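Please read the structure below before turning to the comments.
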Amino acid sequence: MATMPWAVVVDLTRVTELRAGAVPRLGALVERVRAEFVGLHFVTNGGAVDGVLTVAPAGKRIIVHHSIAAAQQALTRDPGVTHG
């Protein structure tokens, strides 16, 4: 947690579709928690959910991982260390 001492990981791996209004709301949630210096990361299985999350304008603010391990790795990465 070197890069962000407070973070929330939202597991969407069992979600297969999102309503149209969900992405702007998730984007707004990301902005609110970032203002409090909290990271918000989403874990998905890819596919349609990724497409909806990343294509929408709010998707530029949403960080998506494809496994809990990938989210954990991103949260523990030291920004001063180069990873290969």
**Q.** Matching residues, region 16-40, being closer than 17 Å to A71 by Cα and crowded, with 16+ Cβ neighbours inside 10 Å
**A.** V30, G39, L40
(Q) Just to be sure I understand the filter: pairs with C-beta atoms under 6 Å, separated by 6 or more residues or on different chains, first member in region 55-74 and at pLDDT 90 or above, second member part of a helix (DSSP H, G or I) and surrounded by 13 or more Cβ atoms within 10 Å (Cβ to Cβ). Which pairs pass? (A) H65/A71
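Please find, among V43, V52, the residue that is surrounded by 15 or more Cβ atoms within 10 Å (Cβ to Cβ) and modelled with pLDDT of 80 or more.
Every option except V43 fails the conditions.
The values are calculated or read from the model by the stated rules, or taken from the named source; none is laboratory data. Being a predicted model, the structure only gives us computed values, none of them experimental. Neighbour counts run over all protein chains shown; Cβ positions are idealised from the backbone, glycine included.
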